[in-house]
1. Using Cα-Cα distances under 8 Å and only pairs 6 or more residues apart, what relative contact order does region 10-174 have, in percent?
2. Could you tell me the largest-minus-smallest coordinate of the C-alpha atoms of region 123-163 on each of the three principal axes, in descending order and whole angstroms?
3. For n ≥ 4 DSSP H runs only, could you compute -39500 (n - 2.57) per run for the chain, divide by its residues and tell me the 222 nm figure to the nearest 500?
4. How long is region 50-107 along each principal axis, judged by its Cα atoms, biggest number first, in Å?
5. Sequence-distant or interchain residues sharing an amide H contact under 5 Å with I115, placed H: which?
6. From the C-alpha gyration tensor of the chain, pull out the three semi-axes of the equivalent ellipsoid (sqrt of 5λ each), sorted largest to smallest, in whole Å.
7. Sorted from fewest to most neighbouring beta carbons within 10 Å, what does the list M89, M1, M144 look like?
8. Which of the chymotrypsin sites (Phe, Trp or Tyr not before Pro) across region 1-72 are loop residues per DSSP, with 16 or fewer other Cβ within 10 Å?
Amino acid sequence: MRITKVYTKFGDGGKTYLANGEVVPKTHPRVVAYGEVDELNSFIGLVRSELPEGLKGLDNILRDIQNDLFLIGGDLATPSDAPFEVKRMDDGRVKWLESLIDRYNGGLPPLKEFILPAGHRLSSLLHVARTVCRRAERAVISAMEGEDINPQVQIYLNRLSDLLFVLARWVNHRMGTGEEYASFK
């Protein structure tokens, strides 16, 4: 059996490679953006690990989202002028998220006030995932200011944060936890 080392020591100097072989600092906007997406992917993995038996149907959706996030990481790590093709995020996946938002939001009471990110543990985890997603989106937008980045990446993350919000509400509703409304005293 061949053992491959996980460490290369190259990153010890604060540098890393983009997918096209270009050496950049670890603070490069693309690296920051795909790092934020990686954190989001890991957090969604935590959400999946917390799914109770009655909500296991969400597992397939969240696994598909994790795969999309890996695709986004590759999209972000590969400049548009790379000498090879890479699968990029497209509007079909955004439309898929929109269909999920419509489906899960359909049975929820309309929002009339701000809700607190609280309730059932799973709902709270989904709210945290939503805020991590928003941070990833901001990192992508920041990277877009100086880099040619596929706009579908930002759109997907924007829609994903909406879905995570709806799923958090849906979980509270489904688990009978209810929602707490923000109080502006």
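Laboratory data are not the source of any read-out in this text; all were calculated from the coordinates shown. Computed from a prediction, not measured in an experiment: that's the story for all the values here. Cβ: placed from backbone, ideal geometry, glycine included. Neighbour counts: every protein chain shown.
1. Details: 191 pairs, mean separation 48.4, N = 165.
So the answer I get is 29 percent.
2. 35, 14, 8
3. Details: 5 runs with 105 residues, N = 185.
Using -39500 (n - 2.57) per qualifying helix, the result is -19500 deg cm²/dmol.
4. Between the extreme Cα coordinates on each principal axis of region 50-107 lie 47, 24, 11 Å.
5. A182
6. Values: eigenvalues 223, 65, 52 Å².
The equivalent ellipsoid of the chain has semi-axes of 33, 18, 16 Å.
7. Details: M89 22, M1 2, M144 16.
Neighbour counts put them in this order, fewest first: M1, M144, M89.
8. Filter output for region 1-72: Y7.
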